[in-house]
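Engineer: Take a look at this one; I'll ask things after.
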Amino acid sequence: MVSALIERRLERLEQVSGGDECPRCANTQVIIDCSGNINVVKDQARLTAEASRRFYEEEQPHGQCPACGNFRHKVVVGWGPRQ
Ligand SMILES: [Zn+2]
């Protein structure tokens with residue numbers, strides 16, 4: 001319990017000192033599964049489906065963070081159709 005907390009704090013410190021990541025982007029992952037469901041995971045907690053969709057739509061059409069302008073890396077999970 002305690003060590004997990006310390007680990008998270010260290011991760012945060014690394015994020016803060018490692019760059020100019022904005023609060024919206026830090027520790028945030030956008031995951032889209034093969035059915036097109038959007039999942040946003042922030043600080044290892046999953047946002048609700050509605051919050052995830054809103055988060056994602058705010059960054060459309062280019063997947064760009066409205067707060068800092070960085071482009072987000074999307075992670076697609078599952079088997080999608082071949083392109
Ligand atoms: Zn950002």
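Engineer: Would you please give the residues with an amide H less than 5 Å from that of Ala26, counting only those at least 5 places away or on a separate chain, with H modeled from the backbone geometry?
Structural biologist: HN-HN under 5 Å from Ala26: empty list.
Engineer: Under the Karplus relation 6.51 cos²θ - 1.76 cosθ + 1.60, θ = phi - 60°, what is the ordered set of whole-Hz ³J(HN,Hα) values for the stretch 52-65, x standing for Gly and Pro?
Structural biologist: Each residue's phi maps through the Karplus curve to give 5, 5, 5, 4, 5, 5, 5, 9, 7, x, 10, x, 10, 5 Hz.
Engineer: Please find the FRET efficiency linking Ala4 to Ala26, where r is the Cβ-Cβ separation and R0 is fixed at 22 Å, and quote it to the nearest 0.05. Display every interim value, and only then the final one.
Structural biologist: Numbers: r = 18 Å, r/R0 = 0.82.
So, using R0 = 22 Å, E works out to roughly 0.75.
Engineer: Can you compute the modelled spin-label distance between Ser35 and His62, with each label point 7 Å from Cα toward Cβ, in nm?
Structural biologist: Placing both labels 7 Å beyond Cα along the Cβ direction yields 3.3 nm.
The numbers here are math on the coordinates, done by the rules we state, and not lab data. Remember, predicted model here, so these are calculated numbers, not experimental data. No Cβ is skipped: glycine too gets one built from the backbone with ideal geometry, and neighbour counts run over all protein chains shown.
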